1. Take residue 300 and tell me if it is among the polar types (S, T, N, Q), under 30 Å from residue 363 (Cβ atoms), part of a strand (DSSP E or B) and modelled with pLDDT under 95.
2. Give the residues of the range 200-229 that are in a loop (DSSP other than H, G, I, E, B), modelled with pLDDT under 75 and not hydrophobic (A, V, I, L, M, F, W, C), sorted by residue number.
3. What are the residue pairs meeting all of these: first residue in the range 160-182, first residue within 15 Å of residue 280 (Cα to Cα), second residue among the small types (Gly, Ala, Ser) and at pLDDT below 95, Cβ atoms under 8 Å, and 6 or more apart or on different chains?
4. When both residues are 6+ apart or on different chains and their Cβ atoms are under 8 Å apart, which pairs have a first residue that lies in the range 126-147 and is of a type in the set (A, V, I, L, M) and modelled with pLDDT of 95 or more, and a second that is surrounded by fewer than 21 Cβ atoms within 10 Å (Cβ to Cβ) and assigned to a loop (DSSP other than H, G, I, E, B)?
5. If residue 95 satisfies all but one of (1) of a type in the set (S, T, N, Q); (2) modelled with pLDDT under 95; (3) assigned to a loop (DSSP other than H, G, I, E, B), what's the number of the condition it fails?
6. Hey, among 284, 372, which residue is in contact (Cβ under 8 Å) with a residue 60 or more places away in the chain, among the acidic types (Asp, Glu) and surrounded by fewer than 21 Cβ atoms within 10 Å (Cβ to Cβ)?
7. So in the range 175-194, with the set limited to residues that are touching a strand residue (DSSP E or B) at 6+ places or on another chain (Cβ under 8 Å) and over 25 Å from residue 146 (Cβ atoms), which one is surrounded by the fewest Cβ atoms within 10 Å (Cβ to Cβ)?
8. Examine the range 139-155 for a residue that is within 21 Å of residue 233 (Cβ to Cβ) and in a strand (DSSP E or B), and state whether such a residue exists.
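The values are calculated or read from the model by the stated rules, or taken from the named source; none is laboratory data. All of these numbers come straight from a predicted model, not from anything done at the bench. Heads up, the Cβs are rebuilt from the backbone with ideal geometry, glycines too, and the neighbour counts pull from every protein chain shown.
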Amino acid sequence: MKHENFDVEEVNWENVNEDKFGKIKFIRKRNNIKRVLRVVSFVVIAAFSGAISSKLIIEKKFSQILQGGNGKIINNNVKHHNMEITTNSIGKVAQKVGPSIVGIMGKTQNYSKDSYDFKGSGVIFSSDGYIVTNTHIIKDAKEINVKLPNSHNYISAILIGKDDISDIAVIKINARSLPAAKFADSSEVNVGDTAIAIGNPLGESFPGNVSEGIISGLNQNILYGESGYKVLQTDASINFTNSGGALCNAMGEVIGINSIHLNVKKIEGMGFAIDSNEVKSLIEQMTHYGKVTKPIMGVNGRSVVNGESNGVKGVYISEVIKEGSAENAGIKPTDIITELDGKPITNLQDIEKILENHKFGDSIKCKIWRNEKIVDLNVVLSISKVND
């Protein structure tokens, strides 16, 4: 029988008797060994080339289809720093930031010396003893203590200011020459950037909790009425051990303060942190005034739905906060805010953006739709009383 266009390997028997394990051994001719080696070499080269091609395809696709937990595209033109993050580089970030991460202990009752109701982390932001942490860690505490990474003792702390909505609080200890963490400009953070969450609730010599991931969302907000705070979303694990601690970039700079108590829409596998620019603003307000002085109007509402109110666009007011700016100006429930500070209003975020450019005490012009007529009012901005 003639075989054409086929390679037929010939074998010689070395021994036709099976050994005790039932094996039959073969010896292949030398030319077949060479053929096998050539095939193996070809496969290796092809696999290597394929890996490179796959990497290029994946990196290209990454910038096009990076998605959030809701399946929607977060950013179709991701700025990718292409920085390779290794275990070693994560360790270097932890070593750089670690001395600034402290343990926070809050006690609500006079129990035993070592009994604490709340434990969490904090970040030193000033060398003279100022620390930022979470409000939920120290809220209602009669006694706040801090444990530095290089110390075996607790240091008593005083509360400077707190904000329930952002879950940010500032405390101070009597100490000097402390290692302060560097806060980055969070407006430069991009989806896909490295995110390293660091915590140290026990005040150990080295951070007790380090997790790594990426920034997966920038468009989350905490809204309270017309006021809000920007939040970073990450797949780095945010938990009770690093809550109050730092969310860092690959350079070891703080881009956010971790929190497990933020009132945002929860997505499985995702954690959240107040972004560093919001934190810096809150720190400044608390250290100067002892509380958050972010101006508010004192309203709750929603965008007007198409077909309502004869086509008038604006924010329908469902609630007016008692003794707030809006009530004092004469705004009432069922009013529709159509214009503020000379700018058209369609949603609560529009109001928030306008208020960001003002301070409490400012007077701004407001147009409302009431009983099918436009009414002009002046609103003197106040500060939130939620933390009083």
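1. Numbers: among the polar types (S, T, N, Q): yes; under 30 Å from residue 363 (Cβ atoms): yes; part of a strand (DSSP E or B): yes; modelled with pLDDT under 95: yes.
It is true that residue 300 is among the polar types (S, T, N, Q), under 30 Å from residue 363 (Cβ atoms), part of a strand (DSSP E or B) and modelled with pLDDT under 95.
2. So the first thing to find is which residues in the range 200-229 are in a loop (DSSP other than H, G, I, E, B), and the list is 200-208, 225-226.
From what's left, modelled with pLDDT under 75: 206-208, 225-226.
Within the range 200-229, 207, 208, 225, 226 qualify.
3. 160/290; 161/290
4. Partner pairs satisfying both residue conditions: 146/154.
5. Answer for residue 95: the failing condition is (3).
6. Details: 284 fails: in contact (Cβ under 8 Å) with a residue 60 or more places away in the chain.
Answer to the selection: 372.
7. Looking only at the range 175-194, we keep the residues that are touching a strand residue (DSSP E or B) at 6+ places or on another chain (Cβ under 8 Å), and these are 175, 178-184, 186, 189-194.
Now narrow it down to the ones that are over 25 Å from residue 146 (Cβ atoms): 186, 189-194.
Values: 186: 24, 189: 21, 190: 14, 191: 23, 192: 19, 193: 21, 194: 22.
Filtering first and then ranking leaves 190.
8. Quick first cut of the range 139-155, residues within 21 Å of residue 233 (Cβ to Cβ) only: none.
So far as the range 139-155 goes, no, none of its residues is within 21 Å of residue 233 (Cβ to Cβ) and in a strand (DSSP E or B).
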